[in-house]
1. Can you list the equivalent-ellipsoid semi-axes of segment 20-73, largest first and in whole Å, using the square root of 5 times each Cα gyration tensor eigenvalue?
2. Rounded, prolate or oblate: which fits the chain, taking a ≥ b ≥ c as square roots of the Cα gyration tensor eigenvalues, rounded meaning a/c under 1.5, else prolate when a/b beats b/c?
3. In terms of modelled amide H atoms, which long-range or inter-chain residues lie less than 5 Å from the amide H of residue 134?
4. Ordering 210, 177 from largest to smallest accessible area (1.4 angstrom probe), what's the sequence?
5. From Cα pairs below 8 angstrom and at least 6 apart in sequence, can you work out the relative contact order of segment 1-126, rounded to a whole percent?
6. Each residue of segment 142-147 in turn: what ³J(HN,Hα) in whole Hz from Karplus with 6.51, -1.76, 1.60 and θ = phi - 60°, glycine and Pro shown as x?
7. So how far apart, in nm, are the two label points at residue 224 and residue 37 if each is 7 Å from Cα heading toward Cβ?
8. For the chain, what is the relative contact order in percent, using Cα pairs closer than 8 Å and at least 6 residues apart in sequence?
Amino acid sequence: MRLSVNIDHVATLRNARGGGHPCPVRAARACLDAGADGITLHLREDRRHIRDADVFRIAAEVPTRLNFEMAGTAEMVAIALRLRAGHALAACCIVPEKRQELTTEGGLDVLRAGPALEAQVRELAAAGIEVALFVEPDAAQIAEAARIGAQAVELHTGTYADAAPADRPALAARLAEGARAAAALGLKVHAGHGLGFDTVGAIAAMPEVEEVSIGHFLVGAALFEGGLAGAVRRMRDAIREMRG
Ligand code: PXP
């Protein structure tokens, strides 16, 4: 199972003071050196963390599987296509985005998204980008993602990860069911949001899940685990323990 590290919050820290420290490009390299399999960046409409220049520098300077997380807007589709043309962008994940939210708050409503989302998915996929849709583990949403041409779904793990430990097994079972439903439709299965050392294991136990995307927890854990390298290594170990 691939670990794609989302380094948005390295940029959050940098932006708190302006200037260039800490440098997201250096952070991306540190994660990869420590065993991450890819880097995820979410260029938000308000540019509150990662900025355009970060995305293009990392795409140009850091050889890895880059996953571009984006709202389904014309602006973001155009940027993804430029990243594909100039830097062979591997993958994108379309997420819902609201200006006031602290972080992505749930999956896309693919069923009600209308034809605009399908057009975006098909345009990005035609350019050679692997397109994932961020969805709840809901069979109807997953089936609609497949119908409109997505190659992957990223299952929203936030509700599971944020739940009280006693409530997590039932929520993990729902995610596992979603993973099986997606795989049965030929979709690649990714998962992410809110995961940490204690919650990644149940996700790694789902054989259909090919990739997890983890950000905020790892950037925080870097303070206590010997830097990003230590945090990424410990996450890899937690995954390996479950997945072998
Ligand atoms: N996946 C998606 C679609 C997200 O929006 C986010 C947050 O940007 C993540 C994964 C990573 O979540 P976290 O930072 O909580 O690990």
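1. Working: eigenvalues 72, 34, 17 Å².
Rounded to whole Å, the semi-axes are 19, 13, 9.
2. Verdict is oblate for the chain.
3. 94, 108, 154
4. 177, 210
5. On the way: 165 pairs, mean separation 25.3, N = 126.
Normalised by residue count, the contact order of segment 1-126 is 20 percent.
6. 5, 5, 5, 4, 5, 4
7. Placing both labels 7 Å along Cα→Cβ, they lie 2.7 nm apart.
8. Taking the mean separation of contacting Cα pairs over the length of the chain, I get 20 percent.
The values are calculated or read from the model by the stated rules, or taken from the named source; none is laboratory data. What you are looking at is a predicted structure, and each value in this text was computed from that prediction instead of being measured. Neighbour counts are summed over all protein chains in view; Cβ atoms, including those assigned to glycine, are modelled from backbone coordinates with ideal geometry. Keep in mind that these areas ignore ligands, DNA and RNA; they rest on the heavy atoms of the full protein, side chains included. Shrake-Rupley method; radii C 1.70, N 1.55, O 1.52, S 1.80 Å.
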